[in-house]
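Only one structure is covered here, and it is reproduced in the block below.
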Amino acid sequence: MPEVITRPSARILLVDDQDRLLLYRGLGLMKNSDHAWFTPGGGVNDGELLKHAAARELREETGHSIPPEELGHVVATSSGHWRRADGQWFLSVDSFFFLRGGELKVDVSGMEDLERSLIDRFHWWSLPELRSTDERIIPLGLTGLLERLLDDDIPSEPVIFPWHHPDPFS
C-alpha cells in the first residue's frame, strides 16, 4: 500500500438570490483528469475547524466574507482516494456546508496561484441547468440534495455522496 495523505476539505454549496448554485470549472490535480465543475472550498489547515476553513475558503475563492457560525452544520460528505499527477496518493474527506448568499458578485482575486491555474471559469447554475447538463458535476448526486436544500429541507444528518473518482486500488 502506498503512503496516503489524508486531506480534509471544507466546501460550500453557495446559492444566490435566484436559487442558483455557484460552481467552478477546472482541471483536477489527478493524473489524466478531465475538466469538471465543483463547489468553492478547499483544504482544512492543521488545527483549523471545518466551519472556519469553509469561511476562509469562501472569502478567498469568492470574495464573500461571513462569520463561520453562519454556516450551520455539514449537510453532506464525500470521501475517497485519488492520485495526484506526481504520483502522491490522497484520501480526501470532503464536508459540504449550505449557504444562501443573496445577490453576490464573485471576486476570485483572493485565490492562490495554483487555484487560478486550474480554474478557467465559474457559473451560477439553476436547477434546470444542473438536471439537463452533460457536464461532469462534482460531487455526484449534488442536484438531488440541492433540490432539498432549496425547499428548506435541511438534512439533520449529512447526506453521503458517492466518491467521484474510480477506485484506484482495484
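Coordinate-derived values only; no laboratory data. Since the model is a prediction, treat every value here as computed from it, not as a measurement. Positions of Cβ are backbone-derived with ideal geometry, glycine not excepted, and every protein chain shown enters the neighbour counts.
Worth pointing out:
- Ellipticity estimate at 222 nm from DSSP helix runs (n ≥ 4, -39,500 (n - 2.57)) divided over the chain, nearest 500: -5500 deg cm²/dmol
- FRET efficiency, A85 to L127 (Cβ-Cβ, R0 30 Å, nearest 0.05): 0.35
- Across T133, T143, T62, mean-square fluctuation computed from a Gaussian network of the chain (C-alpha pairs under 10 Å connected) peaks at T133.
- Extension gain, E48 back to I66 (0.36 nm per residue minus Cα-Cα distance, nm): 4.9 nm
- Contact order relative to length of the chain, as percent, for alpha carbon pairs under 8 angstrom and 6 or more apart: 30 percent
- Fewest-first ordering of V74, V93 by other beta carbons within 10 Å of each residue's beta carbon gives V93, V74.
- Global form of the chain, assessed from the alpha-carbon gyration tensor, a/c cut-off 1.5: rounded
- Beta bridges assigned by DSSP with both partners in the chain are antiparallel in approximately 60 percent of cases.
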